[in-house]
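Step one of this worksheet: look at the structure below.
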Amino acid sequence: MAVSEVDTRVPFVDLEPANGPVRQAILDEIRDLTRSGRFVNGPQVAEFERAFAAFCGVEHCVGVSSGIDALRLSLEAIGLERGEEVAVPAHTFAATFAAVLHADGVPVPVDIGESDYCIDLHAISESVRFVVPVHLYGQMADMSSVAYSGQAVVEDACQSHGATRDGLRAGSVGAAGAFSFYPSKNLGAWGDAGAVVTDDADLAERIRLLREHGQASKYRHDLAGYTARLDTLQAIVLRRKLELLAVHNEQRRAAAARYEQELSGLGDLRLPPVPSRSNPVWHLYVIRTSDRDGLREHLAEREIQTGLHYPEPPHLAPAFAGLGYARGDFPVAETLAQECLSLPMFAGISEEQLETVCAAVGEYLG
Ligand SMILES: *Cc1c(COP(=O)(O)O)cnc(C)c1O
C-alpha cells in the first residue's frame, strides 16, 4: 500500500490510491519522452484516443487541453452561430455556462429535476436548437428521448466517465461528448486535459483542426483555430490510468453502496437519487439536509473534509449576471445549492474512512 501524503483524518479526495500503482510505469514512459523531445502530438496521443473511444463505445476521440475546451470546441464544430441559444442545466459547474459564452452562444438555464439532479430534457423549448445536458455527480441525464428531440446535443460528461443509463453510455449519445481529465475526475491526468468523443467523422476532423491552429497540414490553415491539444505527457498518464478506470469506478460504487446502507433514514437526510436502469460512477456523493452548514462544521471538527458542489448556481454568479436571471428563477437548483454536501469519495477510499464518516454523520443527525 502506498502511503498517503494527506494529513487530515478523512480527506475529501486522496488521489494516491489511484496514482500510486501506475506511478513507476508512467514515469518510465515520461523519461523516454523527454529523451525523444517529442512533447507535442505523437503516437501516445493517438493511442490514448483509440483506447478512450473504445471505452466510450464511439468511433472517434479527439484529445484536447481541458473539459471546458472540449465543450467549447464541440459547440463551435457543430455549427453554433453567434447569439444562438443553448439550453443548459441551472445546477452545474460554471464551465458549462462559460463554454457556451466562449463559443459565442447564449446559455439558457433550465431547472433540474429532483429525480436525477440533471436537466429535464422534456422541459426545453423547441425553439432552442442546442442543448448541453450535464451528467452531474456521475449520474447520467435521461438521454433516452434525445434521438427524437431534433436538437443538437453536446453532452457535458466531465463527471461521468463510464456512467450508463437505459443502456446508453455517457458521451456516446449526443452529437459529441465532452470529458475533463482534471486530476480529481474519475479519470484524472497529472494536470489539465480533456477529450471530445463522437461517431461523426467530420465533426471529429473539425475539432482536430480547431485544437491545433486550424491546420489540416503544416501551415495550411482551414479554420481560425486554437492551441488546445492534449499534452503528450498527459496522454501517457491517461493511457495507463484508463486501464484501471473500470476498477476505480467499481470502488466508487462500493463506497456509495456503503454510504447508502449506513446513512439511509437519518434525520432529514436525503441520499442521492438513482433512477431505475441507471448505473452512475459516483464522481461525487452528494447528500442533502436543511442543516447543511451545521453538519459540515461537525464533520470538520472531526477532521473529515467535505465539499460543496455547488454553493451557488451559475445564474446567480457575478460572471453570468449579464444573462439577466435572478434568485427564484430556478427553485430546484437554488434549494439544492443551499442543502448539498459532498462526502469524501474517491477510488480506494478505505473501509475505515467510510466508517469514520458514517459514524460522524450519524452522531450529528441520529
Ligand atoms: C470539471 C468540469 C468541467 C470543466 O473541466 P476542466 O477540465 O476543468 O476545464 C466542465 N463541466 C463540468 C460539469 C465539470 O465537472
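Details
- Residue check for L230: within 22 Å of the chain's Cα centre (by Cα), within 15 Å of the ligand (Cβ to nearest atom), at negative phi and surrounded by fewer than 18 Cβ atoms within 10 Å (Cβ to Cβ): no
Residues checked against (1) touching a His at 6+ places or on another chain (Cβ under 9 Å); (2) within 16 Å of the ligand (Cβ to nearest atom); (3) open to solvent by 10 Å² or more (accessible area, probe 1.4 Å):
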{"residue": "L136", "(1), (2), (3)": "yes, yes, no"}
{"residue": "V146", "(1), (2), (3)": "no, no, yes"}
{"residue": "V154", "(1), (2), (3)": "no, yes, no"}
{"residue": "H161", "(1), (2), (3)": "yes, yes, no"}
{"residue": "R165", "(1), (2), (3)": "yes, no, yes"}
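- Pair list, Cβ under 6 Å, 6 or more apart: region 271-298 residue touching a residue at least 60 places away in the same chain (Cβ under 8 Å) and of a type in the set (K, R), other residue open to solvent by less than 60 Å² (accessible area, probe 1.4 Å) and outside any helix (DSSP H, G or I): R277/D166
- Considering (1) more than 24 Å from E250 (Cα to Cα); (2) open to solvent by 60 Å² or more (accessible area, probe 1.4 Å); (3) touching a Lys or Arg at 6+ places or on another chain (Cβ under 9 Å), the lone condition that P331 does not fulfil carries the number (3).
- Scanning region 197-218 for residues that are in a strand (DSSP E or B) and in contact with an Asp or Glu (Cβ under 9 Å, 6 or more places away or on another chain) yields V197, T198, Q215, A216.
Condition check ((1) surrounded by fewer than 21 Cβ atoms within 10 Å (Cβ to Cβ); (2) assigned to a helix (DSSP H, G or I)) across all residues:
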residue	(1), (2)
A46	yes, yes
E49	no, yes
A54	yes, yes
V58	no, no
G63	no, no
L75	no, yes
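- Scope region 210-234; condition under 18 Å from V154 (Cα atoms) and out of contact with any Ser or Thr (no Cβ under 8 Å at 6 or more places or on another chain); matching residues: L210
- Extreme residue, farthest from the ligand (Cβ to nearest atom), among residues of region 173-220 that are crowded, with 24+ Cβ neighbours inside 10 Å and of a type in the set (S, T, N, Q): T198
- First in region 84-109 and closer than 16 Å to S180 by Cβ and of a type outside the set (A, V, I, L, M), second anywhere and more than 13 Å from the ligand (Cβ to nearest atom) and at pLDDT 95 or above, Cβ under 6 Å, 6 or more apart: F97/F320
- Whichever residue in region 236-272 is among the polar types (S, T, N, Q) and surrounded by fewer than 21 Cβ atoms within 10 Å (Cβ to Cβ) and, among such residues, is farthest from S184 (Cα to Cα): S264
- Residue within region 258-276 that is touching a strand residue (DSSP E or B) at 6+ places or on another chain (Cβ under 8 Å), outside any helix (DSSP H, G or I) and among the hydroxyl-bearing types (S, T, Y) present: no
The values are calculated or read from the model by the stated rules, or taken from the named source; none is laboratory data. Please read all numbers here as calculations on a predicted model, not as lab measurements. For neighbour counting, all protein chains shown are included, and Cβ atoms are generated from backbone atoms with ideal geometry for every residue, glycine included. The area values use the complete protein model at the heavy-atom level, side chains included, leaving out ligands, DNA and RNA. Shrake-Rupley method; radii C 1.70, N 1.55, O 1.52, S 1.80 Å.
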